[in-house]
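Reviewing the structure listed below.
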Amino acid sequence: VILKPAYSQAYNSNMVGMLAWLKNDKGDVVAGACSSLKIEAVENIVNNIKYGKKGYGILLSNDGTFIVHPDKDVAMKKNINTMKYGKKGYGILLSNDGTFIVHPDKDVAMKKNINTMSDPEIKKLGELIKNNTKGKFCLGSGKEKKIAFYSKVPITGWTVVNVVYESELFAKANKMLFLMIGLVVGVMAIVTLSLYFMAGYLVKPLKKLSDFADVVSTGDLSGSIEVTSSDEIGNLSNAFNNTVQALRVLLTDISEESQKVNNLSHDLANSCNEFGKLTEDVAKTMQYVSENTTQQAEQV
C-alpha cells in the first residue's frame, strides 16, 4: 500500500510511506514490512518511466490521490475518484490482486474484487488487466456503451482504469464529422451553382449564334450578332459577322451588275426598235423608187 506523503521532521521533507504484507492461504496477514522514501526520489523514479515519446507514469496513494503526475495542478491536489472523463466518465484504481481501491461507488471501493464481480463484462476486463500491462475494453451497449482504458503502475502493480462513455469520447469527432459533411455539401452546392452559371455563360452565346444563323439562312443579311467576349465563342461570332458582311457586299455587287445588264438590255432593245424603223423606211423608199421606175418605163 502506498500512503499519502506526510512531512517528516527527521528528514525535513515529505515522505511517501509504503507497506507490504504477506498473507497465508486463508488470506490472513502473517508478516509485513514498511518503508519510506523522500517524495523527490519517488518523483524521479516515476518520471523516468516512459511509454513511447509522449507517455508518462503516475503514482497514486491508497485513497486515489495523485502523488506523482506530470501536471503540477494535479499532483498532490486531485484524486482519481474526483477526476471526470467527459460528463459521466470516472476513474478506478485496482490493487495487484484486483481489489477496488478507488471506485465512485462506495459499496464497491475496498469491499469488492473485480475478479468476483457478477457482471461478465467486468470479469472479462479483470482478466485482461491481469494478463496485460495496458489496453482498452468496451463495455455496455447503445447509449450506455463505455470504453475502459487501463494501465498498470510498474512500482506498485496497481492498475489505473479510466472509464469513458463512447458518446462523450467521440462527441468532438462526430461534431467535426458533421462539420466536414456540411462543408463538403456546401462546396458541392457552390461548385454545382458555378457549373450551372458557367454552362449558361457558355450556352447563351451559342444560342444567340444559332438563332442568328437561322435568320441568315432565310436570306436576311441585314443584321449582325453582338460580340461581348474575346474567347473562342467571341472569335467564332466575329468570323460569322465577317462572313455575313462579305455575303452582303457580294450581293450588293451582284445587284449592281444586274442593274447594269438590265440597262444594257434596255438600250439594246431601243436600238433594235430604231433599227427596225430605219429598215422599214428604207423598204418604203425602195418600194417608192421601184414604183416610179416602173411608171417611167411604161411611159417610154
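The values are calculated or read from the model by the stated rules, or taken from the named source; none is laboratory data. Quantities reported herein were computed from a predicted structural model and do not represent experimental measurements. Quick reminder, even Gly has a Cβ in these numbers, built from the backbone with ideal geometry, and neighbours come from all protein chains shown.
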| note | Only one of (1) surrounded by 10 or more Cβ atoms within 10 Å (Cβ to Cβ); (2) at pLDDT 80 or above does not apply to residue 273, and that is (2)
| query | Across the stretch 112-143, what is the total count of residues that are assigned to a helix (DSSP H, G or I) and either at pLDDT 85 or above or in contact with a helix residue (DSSP H, G or I) (Cβ under 9 Å, 6 or more places away or on another chain) (or both)? | reply | 16
| task | Just give me the residues in the stretch 244-289 being more than 30 Å from residue 221 (Cα to Cα) and charged (D, E, K, R), in sequence order. | result | 267, 274, 277, 280, 281, 284
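Within the stretch 193-202, identify whether any single residue is among the polar types (S, T, N, Q) and either surrounded by fewer than 10 Cβ atoms within 10 Å (Cβ to Cβ) or in contact (Cβ under 8 Å) with a residue 24 or more places away in the chain (or both), and answer yes or no. Outline the logic, then answer.
Step one: filter the stretch 193-202 for residues among the polar types (S, T, N, Q), giving 194.
After this cut, where a residue has to be either surrounded by fewer than 10 Cβ atoms within 10 Å (Cβ to Cβ) or in contact (Cβ under 8 Å) with a residue 24 or more places away in the chain (or both) as well, the list is none.
No, the stretch 193-202 contains no residue that is among the polar types (S, T, N, Q) and either surrounded by fewer than 10 Cβ atoms within 10 Å (Cβ to Cβ) or in contact (Cβ under 8 Å) with a residue 24 or more places away in the chain (or both).
Have a look at 235, 263 and point out the one that is of a type in the set (S, T, N, Q), surrounded by 11 or more Cβ atoms within 10 Å (Cβ to Cβ) and either farther than 18 Å from residue 204 by Cβ or under 52 Å from the mean Cα position of the chain (by Cα) (or both).
Only one candidate qualifies: 235.
Take residue 118 and tell me if it is among the hydroxyl-bearing types (Ser, Thr, Tyr) and more than 42 Å from the chain's Cα centre (by Cα).
Numbers: among the hydroxyl-bearing types (Ser, Thr, Tyr): yes; more than 42 Å from the chain's Cα centre (by Cα): yes.
Spelling it out, residue 118 is indeed among the hydroxyl-bearing types (Ser, Thr, Tyr) and more than 42 Å from the chain's Cα centre (by Cα).
Restricting attention to the stretch 215-231, which residues are part of a helix (DSSP H, G or I) and surrounded by 10 or more Cβ atoms within 10 Å (Cβ to Cβ)? Please lay out each step first, then the result.
Residues of the stretch 215-231 that are part of a helix (DSSP H, G or I), as a first pass: 215-217.
Passing the criteria: 215, 216.
Matching residues to (1) surrounded by 16 or more Cβ atoms within 10 Å (Cβ to Cβ); (2) over 19 Å from residue 162 (Cα atoms); (3) in the same structural domain as residue 101 (by TED's automatic domain parsing); (4) at pLDDT 75 or above:
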{"site": "40", "(1), (2), (3), (4)": "no, yes, no, yes"}
{"site": "44", "(1), (2), (3), (4)": "no, yes, no, no"}
{"site": "47", "(1), (2), (3), (4)": "no, yes, no, no"}
{"site": "54", "(1), (2), (3), (4)": "no, no, no, no"}
{"site": "57", "(1), (2), (3), (4)": "yes, no, no, no"}
{"site": "60", "(1), (2), (3), (4)": "yes, no, no, no"}
{"site": "63", "(1), (2), (3), (4)": "yes, no, no, no"}
{"site": "67", "(1), (2), (3), (4)": "yes, no, no, no"}
{"site": "71", "(1), (2), (3), (4)": "no, no, no, yes"}
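Condition first: free of Cβ contacts under 8 Å to residues at least 24 places away in the same chain, at negative phi, surrounded by 11 or more Cβ atoms within 10 Å (Cβ to Cβ) and not acidic (Asp, Glu). Can you find one or more residues in the stretch 179-192 that meet it?
Looking only at the stretch 179-192, we keep the residues that are free of Cβ contacts under 8 Å to residues at least 24 places away in the same chain, and these are 179-192.
Add one more test, that the residue is at negative phi, and what stays is 179-192.
Now restrict to residues that are surrounded by 11 or more Cβ atoms within 10 Å (Cβ to Cβ): none.
Scanning the stretch 179-192, I find no residue that is free of Cβ contacts under 8 Å to residues at least 24 places away in the same chain, at negative phi, surrounded by 11 or more Cβ atoms within 10 Å (Cβ to Cβ) and not acidic (Asp, Glu), so the answer is no.
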| query | Looking only at the stretch 191-214, which residues are more than 17 Å from residue 232 (Cα to Cα), under 24 Å from the mean Cα position of the chain (by Cα) and either not polar (S, T, N, Q) or not in a helix (DSSP H, G or I) (or both)? | reply | 191, 193, 195, 196, 197
